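Contents: one structure, followed by commentary.
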Amino acid sequence: VSYLSDLGTRHPSRPECNTSADYIFTTLKSYGYSPLRDYFTVVWQDTPHTTQNIYCVKPSPSPDIVLLACHYDSLRALRVGSVIYGLSNTNCPGAVDDASGVAVLLETARLLANVSLEKTVVFAFLSGEEGNSTAQHWLGSQQLINHGYSLFTASLSNIKRVVYLDTLGETPYGESHGNITVFSTLAVYPQTASLI
């Protein structure tokens, strides 16, 4: 968390975003994995910027995949009502959103590196989740769903579960302290489960 936060704003329009990607890639390699880079373009203020998702596969005999994901980019601007803040000079280190998710996912990858699993696990570190404007977000997720998955599996349907780690260490939006919000593609509403 400290390393990524100390870089400052990690928006895809900034070089710190690529520095973060290189850090994640190198760390995964140091655990013995062969991470994959998935490059795509994000447009910020009418200027295209190349960014990347990073995928890392922990194989098993099963084609079924559990996808563990987070994003490593951070905000560059914040919209509050009709006012936009931070277009040029705000430092958005994104410790909670989402260097915390990166830290947990990297540690999970380290702990599972030499463990046999019944299901294949893919670690996905996404960029462009904070968007190309103050209105469009989740571009890394769209990249993954549209064709990034083909780097690690033949069919998107092989992904059976997704766990997305975001804003760890912060009360979830609209939820009381100590709850996890679980979003399902089968339901429009979130379900919550209390933590002990």
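The values are calculated or read from the model by the stated rules, or taken from the named source; none is laboratory data. Being a predicted model, the structure only gives us computed values, none of them experimental. Quick note on the areas: whole protein, heavy atoms, side chains included, nothing else; ligands and nucleic acids left out. Shrake-Rupley method; radii C 1.70, N 1.55, O 1.52, S 1.80 Å.
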Quiz item: Largest first, what is the accessible-area ranking of GLU16, GLU107 with a 1.4 Å probe?
Solution: GLU107, GLU16
Quiz item: Which ³J(HN,Hα) values, rounded to whole Hz and listed in residue order, are derived for the stretch 32-40 from phi using the Karplus coefficients 6.51, -1.76 and 1.60 in 6.51 cos²θ - 1.76 cosθ + 1.60 with θ = phi - 60°, glycine and proline given as x?
Solution: x, 8, 10, x, 10, 9, 10, 7, 7
Practice problem: Might you work out the accessible area of ARG37 for me, using a 1.4 Å probe with all protein chains in place, and round it to the nearest 10 Å²? | Solution: 70
Quiz prompt | Exposure ranking of HIS11, HIS147 by accessible area [1.4 Å probe, largest first] | solution = HIS147, HIS11
Quiz item: Using a 1.4 angstrom probe with every protein chain in place, what is the largest-first accessible-area order of PHE152, PHE125?
Solution: PHE152, PHE125
Practice problem: Roll a 1.4 Å probe over the protein heavy atoms and report the accessible area of TYR39 in Å², nearest 10. | Solution: 130
